[in-house]
Amino acid sequence: MKEPVLEGVRVLEIGGGIPAAYATRWMAGFGADVVRTEGPEGALTPDEEIYLTAGKRRVVADNETLLQLGRQADILVEDTKPGTLRTRGLDIEALRQERPELIVVSITPFGQTGPASQYEATNGVVFAMGGIMSLTGHPSRPPLMTGGSQAYYLGGLNGFSAAVTAYYGRLVHGEGDHIDISMQECAAGMLELYGAMTEYEKVGPIPRSGNHVRAVWGIYPCADGYAGVCCLERQVKAFFNLIGDPVLQEERFQDREQRAEHDDELQAIVYGWFLERTKAEIVELGVQHRVPLGAVLTPKDLLENESLQERDYFDSARTPEGTARFPGRPFLGLAWSPGELHEGGTDTGAAVAEWTGGTR
């Protein structure tokens, strides 16, 4: 049995929101000893709390205790408003001068400094300011939000990867770091259609493509839900051959530039093809014909997915309402621990005593 790659690493989570909780959820899964200081009431929904706190010890910390825990942590992840920790007696820069090996990851909507650093922001604000909203909804109608809290989770994902990268650097050269993560930058950095730099330099509104970048790249209704296609130019021919409509062999569809001028007509053909088939049929045809086709899966579809079941993807935990199932390890090959659920504040005495008592 492989040892967890982060076993023995002490991680302190401060703030209690999705970004910090998601970053440290991955660290807990890979074996770190994560101590979560409870955030404001309602920071997480009941479902988010199950998913994001599994495997963590949960404490209620006053200002003095918070500083004590910070002095013992290897990695500190926080998603509070810039300046908040200083008001609680935890000066990050002073702490890093005292402990240069400490790694601090601060996740905020717009970064620690700059004109927008003190702005309040919801997931929706970050989603829009990061540019993702340019890709949602029909171009002629108002933009739409995707489900869940993607901007927050993107911040947490980047926080996790930055933290473990910095920790690897510490193992090599002994120095920690303070990593300033802007969720707006995380969102802008994942855009595929537009280069974020060139779009943000434009004067005026960013053009919005909506759900259909082009006919061969978009989401369509099918016989039992929704499915999609995402063809690069080299895959278009195979997709047209799969559809089997002779009109698609005409030059106006075969030529890339002419195809763009007839995109509405092409969309109508593709709409008809998808509507005649189920999600399962579409996915299987994609595999057979080497066309990048996929289905939009419901939560029920995901829980029943044979591939995810085979790789033991879902974790589970006991709750007062029964057993909860939620996403687990992101990939195979490394030891992963689902972790148990702890009630908020129940680990305060034991966790604080262990960390501040000097035992490792």
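Which one is surrounded by the most Cβ atoms within 10 Å (Cβ to Cβ) among residues in the range 143-153 that are part of a loop (DSSP other than H, G, I, E, B) and touching a residue at least 40 places away in the same chain (Cβ under 8 Å)?
Of everything passing the filter in the range 143-153, S149 is surrounded by the most Cβ atoms within 10 Å (Cβ to Cβ).
Given the criterion out of contact with any His (no Cβ under 7 Å at 6 or more places or on another chain), surrounded by 12 or more Cβ atoms within 10 Å (Cβ to Cβ) and of a type in the set (S, T, Y), identify the matching residue among T323, T348.
On inspection, the qualifying residue turns out to be T348.
Among the residues of the range 122-142, is any assigned to a loop (DSSP other than H, G, I, E, B) and among the hydrophobic types (A, V, I, L, M, F, W, C)?
no
So, V60, is that one crowded, with 17+ Cβ neighbours inside 10 Å and in the same structural domain as A23 (by TED's automatic domain parsing) or not?
Here the answer is no, as V60 does not meet what is asked.
Answer with yes or no whether V35 is touching a residue at least 12 places away in the same chain (Cβ under 8 Å), in contact with a Leu (Cβ under 6 Å, 6 or more places away or on another chain) and surrounded by fewer than 24 Cβ atoms within 10 Å (Cβ to Cβ).
no
Give just the number: which of (1) in contact with an Asp or Glu (Cβ under 6 Å, 6 or more places away or on another chain); (2) modelled with pLDDT under 95; (3) of a type in the set (V, I, T) does I132 not satisfy?
Exception for I132: condition (1).
Please specify each residue of the range 176-199 satisfying the condition of being among the acidic types (D, E) and at pLDDT 95 or above.
D177, D180
Criterion first (more than 23 Å from the chain's Cα centre (by Cα), assigned to a loop (DSSP other than H, G, I, E, B) and not hydroxyl-bearing (S, T, Y)) does Q72 satisfy it?
Here the answer is yes, as Q72 does meet what is asked.
Anything in the range 32-54 that is part of a loop (DSSP other than H, G, I, E, B) and at pLDDT 95 or above? List them, or say none.
Hit for the range 32-54 is A32, nothing else.
Among residues belonging to the range 226-243 that are buried (at least 18 other Cβ atoms within 10 Å of the Cβ) and in contact (Cβ under 8 Å) with a residue 60 or more places away in the chain, point out the one that is farthest from the chain's Cα centre (by Cα).
Once the filter is applied, the top-ranked residue is C231.
Residue-by-condition table, conditions (1) at pLDDT below 90; (2) small (G, A, S); (3) within 30 Å of V236 (Cα to Cα); (4) assigned to a helix (DSSP H, G or I):
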residue	(1), (2), (3), (4)
R252	no, no, yes, yes
Q267	no, no, yes, yes
V270	no, no, yes, yes
V283	no, no, yes, yes
G286	no, yes, yes, yes
D301	no, no, yes, yes
L308	no, no, yes, yes
R329	yes, no, no, no
G333	yes, yes, no, no
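Within the set of pairs 6 or more residues apart or between chains, which connect a residue that is closer than 21 Å to A335 by Cβ inside the range 295-320 to a residue that is modelled with pLDDT of 90 or more and among the aromatic types (F, W, Y) with Cβ atoms less than 6 Å apart?
Once the first residue is closer than 21 Å to A335 by Cβ and sits in the range 295-320, its partners that are modelled with pLDDT of 90 or more and among the aromatic types (F, W, Y) give D315/F326.
Any residue that is in contact with a helix residue (DSSP H, G or I) (Cβ under 7 Å, 6 or more places away or on another chain) and of a type in the set (V, I, T) - is there at least one of those in the range 20-29?
No, the range 20-29 contains no residue that is in contact with a helix residue (DSSP H, G or I) (Cβ under 7 Å, 6 or more places away or on another chain) and of a type in the set (V, I, T).
The values are calculated or read from the model by the stated rules, or taken from the named source; none is laboratory data. In this text, all values refer to a predicted model and were calculated from it rather than measured experimentally. FYI the Cβ positions are ideal-geometry reconstructions off the backbone, even for glycines, and counts take in every protein chain you see.
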